[in-house]
Every structure is written in structure tokens, then in C-alpha cells.
Amino acid sequence: MTSEEAAKERRPRGRGKSRSTEQAATESAGIRSNPRRELVEKQIIEQATRLFAERGFASTTLQDIADATGLTRPALYHYVANKDELLSRLVSESTETPAALLHTINERTDLGPTEKLREMATAIALHQAQAPDRFRLIIRSEAELPEDISRNYEQSRRHVLKEFIRVVEDGIRTGEMRPVDPRTAALAVIGMLNWIAWWHQPGNADDDRVIATQLADMAVRSLVHQDPQSAPPEGPARAIAMIRQDLNYLERLLDESHPD
């Protein structure tokens, strides 16, 4: 056989292999977008969340999760590689997703700081109201988080705080919000919104929305001027207003510590 004949003999096989690879990739993509697969993955996440919360991450095995989901352990490996992957998904959905959402809202140019704060608070409140068990699980499992997951978790928390600080700073600068410490204000708002996970029972979308709207309104009212038009502009007047607010706070502390 000549070299040309050998090359011709190899080319059809190569093309056939390429087609098979493309077909396999297409079929694989089809499986990933299959509604049934998505349903099973959702059930796996829900059962893993429940078991992690009940037994702790370290005391829960993949076999426990497979049994709870109604799968064999080999079948479970078609959806998840290990427990760390499951926990990583939970952490991502609970912290990375909200951080990205807040950044998107903060980047909008059609909203002022007050409107942004309302949108951001509503988004976080809804997120916590709809899946409070996942947030509680992560809080309870902080000490057990693998190093890489813990690092991502802390980074996402910092991003959430950064976005709230940013919107408060913008609100103070434009005169829409009172001259408060932005970091303290941001932590207070986040704490109020996160607390939903400890007292709200999910299951009713209308209730979730009502609660989220109410808490967002409370967050806004705690920071904005009653009359934004009366707020002093940036400059000496704003600095004097901030000093006056601090003096008023100091006087209240002195009165409380030295009652008549």
C-alpha cells in the first residue's frame, strides 16, 4: 500500500471519529439540559441539604444521600462526584449568586441609590425567604467547610458587604441618605435580611414577596432622609451635619449613663 493509499484509508476513520465525538458532545449537552436530570439534581440538592443540616457535613455519606433520593450509589455518581461538590453548589447558590445579583443592580444607571438599595434588599430578602434551610446549613457548617469552599464563601460574603457599602456611600454622597457609617449601616441591613432564614417558613410565593417588600422598605426607611430635598449637599454643610449627628448620639449616651 502506498503512502497516499494509507492516508486515504486513515481519513475516513478520522472523519468518522470526529462525527462520533461531535455526536457524543451533542448527546451529552442534551442530557445536561434534560428536564428529568434537572429534577433529579434538585432532589439531590434538597436531600443533601436536609441531611447535612440533621447530621452535619462530616457525618453524612454519599450513600445516605443516594438512599434519601431513591438512587443507587453508582447512579448518584452520574449527577455528582462527591460531597464537596454538593456543598460547593450550596455555597455558590447561597452567597456567590446573591453577590453577582447585587453587583448587577449597583451597575444600573437608571436607578438612584435609594432605588438601588430597595432593589438589592428585596433581592436578598427573597433569596433568603425562598431557601432559608440552605443558608442555615452553611452557617452551621462554617467550621466544617473544606478550605477552598470556605475561601470562596468568605470572598462572596465580602462582595455582598462591599455592594451594600457602595450603595450607602452613594446615597450619602448624593444627599439621599443620612450621614451614617456606611459599613455599619450595610452590616445592619444584611443582618436584618439574613435573619429571615431563621424565622420564615417558605412555601408561599405571595408571602415571600410580601415579607421581602416589607423588609426592603424598612431597610430604606432606616437610611434615607425623610425629605431628601432638605439634605445638605456635599461639602462643609454635610460635614457639619455629620458632626451634629455624632454629637446628638453622644448626648443620648451620656443621658442614658447618667439618669436623673
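The values are calculated or read from the model by the stated rules, or taken from the named source; none is laboratory data. What you are looking at is a predicted structure, and each value in this text was computed from that prediction instead of being measured. So basically every Cβ, Gly included, is an ideal-geometry build from the backbone, and we count neighbours across all protein chains shown.
Evaluate the following for THR122: is it under 30 Å from GLY175 (Cα atoms), loosely packed, with under 14 Cβ neighbours inside 10 Å, over 12 Å from the mean Cα position of the chain (by Cα) and not charged (D, E, K, R)? No, not satisfied.
Step by step: first the residues of segment 125-152, then only those that are among the small types (Gly, Ala, Ser) and surrounded by 21 or more Cβ atoms within 10 Å (Cβ to Cβ), then the one that is nearest to ALA212 (Cα to Cα). Which residue is that? Talk me through it step by step, then tell me what you get.
Step one: filter segment 125-152 for residues among the small types (Gly, Ala, Ser), giving 125, 129, 131, 141, 143, 150.
From what is left, the residues that are surrounded by 21 or more Cβ atoms within 10 Å (Cβ to Cβ) are 125, 129.
Working: ALA125: 5, ALA129: 8 Å.
That would be ALA125.
ARG252: at pLDDT 90 or above and either under 28 Å from ARG108 (Cβ atoms) or not small (Gly, Ala, Ser) (or both), yes or no? No, not satisfied. Considering only residues in segment 185-208 that are touching a residue at least 24 places away in the same chain (Cβ under 8 Å) and under 15 Å from ARG158 (Cα atoms), the one that is surrounded by the most Cβ atoms within 10 Å (Cβ to Cβ) turns out to be VAL189. Segment 1-111 holds helices (runs of 4 or more DSSP H) entirely within its bounds, and those carrying 2 or more residues that are at pLDDT 90 or above map to 35-55, 62-69, 73-76, 97-106.
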